[in-house]
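The values are calculated or read from the model by the stated rules, or taken from the named source; none is laboratory data. What you are looking at is a predicted structure, and each value in this text was computed from that prediction instead of being measured. Using ideal geometry, Cβ is built from the backbone for each residue, glycine included, and neighbour counts are taken over all protein chains shown. With ligands, DNA and RNA removed, areas are computed over all heavy atoms of the protein, side chains included. Shrake-Rupley method; radii C 1.70, N 1.55, O 1.52, S 1.80 Å.
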Amino acid sequence: MSVSLTPAAVRHVKKSLAKRGSGIGLRLAVKTSGCNGFAYALEFVDAANEEDLCFDSLGVKVIVDPRSFGMLDGTELDFVREGLNEGFKFTNPNAKANCGCGESFAV
C-alpha cells in the first residue's frame, strides 16, 4: 500500500517547498497526542532517513517512518479551503475514531 496526496495537496506542497527554497518532500508521522490518542505530524524534509518509507505521489515525495506506517497505510492527504480556513485533511482508513477538529484519531 502507500500514502498519497490529492492534486490540491500536491500543489500546496510544491508551492511551499519552492517558497522554502529547499526540501525533497513532506514527512507524515504519528505522535501520541490529542483527544483520541494519536495526532498527525507534518514537516518538510531535506533528506530521508535510511529506514524511512518513501512514496511518490504525483511528483511529490511522501516520507513515513516505519513505526507510523502501520497507522497511516492507505491514508490520503488533501489540502482544503473552507471559508477563511485552509489546511490539510486526512482520510485514514485505519482510524476508528476522529476528534471533532480532525487533528487526532484512534486506531
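Derived scalar couplings between HN and Hα for the stretch 39-52 equal 10, 7, 10, 10, 7, 7, 10, 9, 7, 8, 7, 4, 8, 5 Hz in order, rounded to whole Hz, by the Karplus curve 6.51 cos²θ - 1.76 cosθ + 1.60 (θ = phi - 60°), x for Gly and Pro.
Quick check of the Kirkwood formula: for the chain, what is the inverse mean of 1/r over all pairs of different Cα atoms, in Å? Intermediate results must be reported in sequence, preceding the final value.
Numbers: mean 1/r = 0.0708 Å⁻¹.
Final number for the Kirkwood radius of the chain is 14.1 Å.
The sum of -39500 (n - 2.57) across all DSSP H runs of n ≥ 4, divided by the residue count of the chain, sets its helix-only mean residue ellipticity at 222 nm to -6000 deg cm²/dmol. Net charge dipole, the chain: roughly 340 debye, given to the nearest 20, about the Cα centre with Cβ charges of +1 for Lys and Arg and -1 for Asp and Glu. Taken per residue, the accessible surface of the chain reaches 57 Å², heavy atoms only and a 1.4 Å probe. Remark on F38: its backbone amide H falls under 5 Å from those of S33, F105, a criterion applied only to residues 5 or more positions apart or on other chains, H modelled at 1.01 Å from N.
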